[in-house]
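Peer 1: Sharing a structure, written as structure tokens. Questions coming.
The values are calculated or read from the model by the stated rules, or taken from the named source; none is laboratory data. This is a predicted model, so every value here is computed, not measured. Here the Cβ positions follow ideal geometry from the backbone for every residue, glycine too, while neighbour counts run over all protein chains shown.
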Amino acid sequence: MQTFVSSISNKTYPTTEKVPGKLIRDCIVDEIKREHPDFNDASTISISELNEYRNRYIQNSVTKEMGKLTEMEALVVKALQNDETLSDKLNEDQRETITFGQRLADKVASFGGSWTFIFIFFSFLIGWMIINIAFLTKKPFDPYPFILLN
């Protein structure tokens, strides 16, 4: 396995983790240069080290913009650091306080947006048109242009 030495930590990493300095955004490079002033376009860094500096940049930017981080903002920064999906955790926390109506609405919405619903509804529309055109030719209850479907 091929390896490289990080310009920042002098640790050895696999080449699949290698990120050249010239590919890193300037704002992140500025964050790196605070601790390592000799970092430049020819330097290399590992993905894990780069992610650490990205997280620092985000945290510093939010702190600069808003002052002290709120509990929610700190939770978002922590989730970014751990590559977690935050919305899943929020849903888990809210499951205890969710009402019956909200649970029912969630189930209806999840079914209404599914392929199963789309196929069922498409079949219903085709069936509706066939019944009104073919079987009720003398007196259809919804003649063409099928106004009741609107």
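Peer 1: Test SER48 against the criterion of being farther than 23 Å from THR3 by Cβ and of a type outside the set (Val, Ile, Thr), and give yes or no.
Peer 2: On the way: farther than 23 Å from THR3 by Cβ: no; of a type outside the set (Val, Ile, Thr): yes.
When the stated conditions are applied, SER48 does not pass them.
Peer 1: A further question on this structure: Residue check, LYS138 against (1) surrounded by 10 or more Cβ atoms within 10 Å (Cβ to Cβ); (2) at pLDDT 70 or above; (3) of a type outside the set (Ser, Thr, Tyr), all met but one. Which one?
Peer 2: Going through (1) surrounded by 10 or more Cβ atoms within 10 Å (Cβ to Cβ); (2) at pLDDT 70 or above; (3) of a type outside the set (Ser, Thr, Tyr) one by one, LYS138 breaks only (1).
Peer 1: Quick test of your reading of the structure: LEU80 fulfils all but one of (1) surrounded by 11 or more Cβ atoms within 10 Å (Cβ to Cβ); (2) modelled with pLDDT of 80 or more; (3) assigned to a helix (DSSP H, G or I). Name the failing condition by number.
Peer 2: With respect to (1) surrounded by 11 or more Cβ atoms within 10 Å (Cβ to Cβ); (2) modelled with pLDDT of 80 or more; (3) assigned to a helix (DSSP H, G or I), LEU80 is out only on (2).
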